[in-house]
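Written out below as structure tokens is the structure these notes cover.
What follows draws every value from the coordinates through simple rules; no lab data is involved. Just so we're clear, the structure is a prediction, and the values are computed from it rather than from any experiment. Please note: Cβ atoms are built from the backbone with ideal geometry, for glycine as well, and neighbour counts cover all protein chains shown.
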Amino acid sequence: MFSPAELFEVQIERKIQAPEYQSTASALNAVYQFNISGDRGGMWNVNLHDRHVYRGEDPLADCTLSLSDSDLHRFIEGEVTATSLVLRRRLTISGKYSLALKLRQIFSQHGRA
């Protein structure tokens, strides 16, 4: 089982800096804030403007997602969809919902998000 820190700081960081991801990052042109609760939780923001992941909170993020570390793992592994997590109130989204619908473009190689 991966840790959220490994997911964001290594895997997602590597993906969004890859040359083949440049057009996707430019098209999304957003900052995603992830607030992960649980023993291995924390806060990370995925900044697609400069294509880096930062630990901590960005209060000006375009889309903020909050969920537990276990639900994040289940989401990444394709065991549950974002829609089902929202309907069960295990994922909260604030900001631009349209960006939340594009999460697959960030997590695509990490499961069936």
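Which value, in debye to the nearest 20, describes the size of the charge dipole of the chain about its Cα centre when Lys and Arg Cβ atoms bear +1, Asp and Glu Cβ atoms bear -1, and nothing else is charged?
Here the size comes out at about 380 debye.
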- Sequence-separation-based contact order of the chain, relative, with Cα cut under 8 Å and 6+ spacing, percent: 24 percent
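Tally Lys/Arg at +1 and Asp/Glu at -1 over every other residue whose Cβ is under 14 Å from the Cβ of Arg90; what's the total?
Result for the neighbourhood of Arg90: 0.
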